[in-house]
1. Among (1) in a helix (DSSP H, G or I); (2) open to solvent by 70 Å² or more (accessible area, probe 1.4 Å), where does ALA11 come up short?
2. Name every residue in segment 182-197 that is farther than 18 Å from GLY153 by Cα and in a loop (DSSP other than H, G, I, E, B), in order of residue number.
3. Working only within segment 298-311, note down all residues that are part of a loop (DSSP other than H, G, I, E, B), open to solvent by 30 Å² or more (accessible area, probe 1.4 Å) and under 17 Å from LYS121 (Cα atoms).
4. If you take the residues in segment 275-297 that are aliphatic (A, V, I, L, M) and open to solvent by 10 Å² or more (accessible area, probe 1.4 Å), which one is nearest to PHE258 (Cα to Cα)?
5. Give me a count of the residues in segment 187-230 that are free of Cβ contacts under 8 Å to residues at least 12 places away in the same chain and over 13 Å from TYR161 (Cβ atoms).
6. Could you list all residues from segment 178-200 that are under 22 Å from ARG137 (Cα atoms) and buried (at least 17 other Cβ atoms within 10 Å of the Cβ)?
7. Could you say which residue among VAL226, VAL271, VAL254, VAL241 is of a type outside the set (Lys, Arg), open to solvent by less than 50 Å² (accessible area, probe 1.4 Å), over 15 Å from TYR340 (Cβ atoms) and more than 21 Å from the chain's Cα centre (by Cα)?
8. Please go through segment 48-62 and give me each residue that is of a type in the set (A, V, I, L, M), touching a residue at least 24 places away in the same chain (Cβ under 8 Å) and not in a loop (DSSP other than H, G, I, E, B), ordered by number.
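The values are calculated or read from the model by the stated rules, or taken from the named source; none is laboratory data. Model, not experiment: these values are computed from the prediction. Cβ placement follows ideal geometry from the backbone for every residue including glycine, while neighbour counts extend to all protein chains displayed. The area values use the complete protein model at the heavy-atom level, side chains included, leaving out ligands, DNA and RNA. Shrake-Rupley method; radii C 1.70, N 1.55, O 1.52, S 1.80 Å.
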Amino acid sequence: MSDATPRKAAALERLRARTRGSAAMRPRAARLLALEAVPTFAMPVPLYIESGDGAWMTDVDGNAYLDLAMGFGSLVLGHRPPEVVAAMHRQIDRGWHTILPGTAQIELAELLAEAVPCAGKVAFQNSGTEATMFAMRLARAFTGKDRVAVFGGGYHGTHDYALVQEDPTTPEAAPGIRTVGGGIPGAVRDRTMLALPYRNAAAFDLIRKHRDELALVVIQPVQNTVPHLDNGAYLRDLRAVCDEAGVLLMFDEVVTGFRLAYGGGQVYYGVTPDLAAFGKIIGGGTAVGAVCGRADILGLFAKGGTAGVFAGGTFNGNPLTMAAGAATLRALKARKDTLYPALEARGARMAGAVAAHCETHEMDVTLMHAASIQCFHFRKGPIHSFRETYPSNRAAEEAFYALVLDRGVLLPSFHVYFLSAAHDDAMIDRATGAFIEALDDCRADGLL
C-alpha cells in the first residue's frame with residue numbers, strides 16, 4: 001500500500017510503531033501459511049488479534065480497536081456475549097465432538113423452523129459456502145434441471161458454482177459470465193450457470209426464456225456491497241416470475257439471516273422462497289451453515305441411491321456449534337422487539353451523518369446502508385448495482401482505511417462492515433467521527 005500522501009504517510013508511521021509485535025508475526029506466518037484468514041481482508045499494516053470482547057478487539061501489541069468487521073457479520077451480539085459463552089462452556093464440559101446427534105441440534109433446528117418462513121426442514125453444514133452448494137445440488141436433483149441463475153454483484157461462497165459471476169463488461173440486460181480465479185472448469189461456467197442483472201426487470205425475461213433448463217434462481221435479499229433496503233417490490237416480482245416459470249427460488253441469507261430481522265430477509269420483506277441458505281449469525285461466532293426449505297425438497301437428503309442427494313461432513317451439526325447457535329437465537333428472540341429497531345436507527349444515523357458531511361464538502365463518496373449492513377464506495381452515487389461501483393478512487397480508498405485504523409476503528413478494507421448490539425450510541429459517534437475526520441484528511445491530501 002503506497003504511503004505517498006502526507007497524512008496517510010503519518011498514519012502508517014504511527015501504526016507501524018504501535019504494531020511491531022504484529023509485524024514480527026508476519027514472516028513466521030508467511031513461511032507456512034498459503035492463506036491467512038480471508039485474503040480479501042487486507043489491512044493497512046499487519047494485525048494479529050489476541051482477543052475480542054463486546055465491540056472491541058485487541059491485537060498482540062495491546063492496541064484496542066472498535067471492531068466494525070464483527071466476524072464478517074457473524075457477531076450480531078458482539079464478541080463473547082455472556083449467554084453464548086455460558087452455553088459453550090456447558091457443552092465443552094460435556095464434550096464437543098460426538099458424530100452422533102445431540103439435543104442442541106434439535107433445539108437450533110426448532111428455533112430456525114419457528115423463525116424462518118420457508119424452513120419446513122433444516123440441514124446443518126459448516127459454512128455458508130457449504131450451505132449454498134448443497135442448496136444448489138438439492139434444486140438440481142428436485143427439478144431434474146441443471147442450471148442455476150445468480151444475480152450480478154451477489155456473493156454465494158467459494159465453491160465452483162458460486163465463483164461463476166456476471167461479467168460487468170457485457171450488456172447489462174443480457175449479461176455474460178466469468179469465473180473468479182483459476183481452477184474452475186469451463187463446463188461449470190458455460191453449462192450450469194446463468195447470470196441475471198440485479199434490480200433489473202430484464203432478469204425476469206431471462207428466467208422465462210431459460211425456464212426449461214433452469215432449476216433455481218438465487219438472490220441475496222440485500223447484497224453485501226450494494227446494500228439497499230428498498231428491495232421488497234423486486235423480490236415479490238421475482239417470486240411471482242419463478243412461480244410462473246416453474247423455477248425454484250432461493251434466498252442466500254448467510255449475511256441477512258437474523259440480521260435484517262429475526263428470521264432474516266424473508267421476514268423483513270414478507271417474501272417466502274423455496275430454499276434458503278444460512279450461516280454466520282446462527283452459529284454464534286462458530287463455523288456453521290444451514291439449508292432451510294420446503295420439506296419435499298430437503299427430503300431428498302433422506303433418500304438413498306440415485307433418487308436422493310448425498311451430503312456429508314464430519315462436523316455437521318457438531319454439539320459446540322449447535323449450542324452456541326441456539327444460545328444466540330434465544331438471545332435474539334428475547335430482544336428482537338428492541339434490538340433490530342435499534343440497529344436500524346443507529347445505522348441510519350451513522351450513514352446520514354457521513355452522507356451529509358460528504359455532500360456539504362462535495363466529496364465523491366457514497367456510504368450505502370441497509371440497517372446494520374453498511375458499505376463505503378469512493379465514487380458519487382446513487383449506486384443501484386455493482387456495475388455502478390466502478391471505477392473507484394483507489395488512492396482515496398486506501399488512505400481512508402489507514403486513517404480510520406490509526407484512529408482506533410477497525411474497518412474491513414473490502415468496504416462492507418457491520419454494526420452489532422454491542423455498539424452503543426457513544427461507539428457509533430466515535431466511529432462516525434473517525435470516518436469524517438479520515439475523509440477530511442483525504443480531502444486535505446488532495447485525494448477527494
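1. It fails just one condition, (2).
2. GLY182, GLY183, ILE184, PRO185
3. LYS303, PHE310, ALA311 - these are the residues of segment 298-311 that are part of a loop (DSSP other than H, G, I, E, B), open to solvent by 30 Å² or more (accessible area, probe 1.4 Å) and under 17 Å from LYS121 (Cα atoms).
4. First, the residues of segment 275-297 that are aliphatic (A, V, I, L, M): 275-277, 281-282, 287-288, 290-291, 295, 297.
Among the residues that remain, those that are also open to solvent by 10 Å² or more (accessible area, probe 1.4 Å) are: 287, 295.
Details: ALA287: 16, ALA295: 21 Å.
Once the filter is applied, the top-ranked residue is ALA287.
5. Total satisfying the criteria: 3.
6. Within segment 178-200, THR179, ILE184, ARG189, THR192, MET193, LEU194, ALA195, LEU196 meet the criteria.
7. Being of a type outside the set (Lys, Arg), open to solvent by less than 50 Å² (accessible area, probe 1.4 Å), over 15 Å from TYR340 (Cβ atoms) and more than 21 Å from the chain's Cα centre (by Cα) holds for just one of VAL226, VAL271, VAL254, VAL241, which is VAL241.
8. MET57
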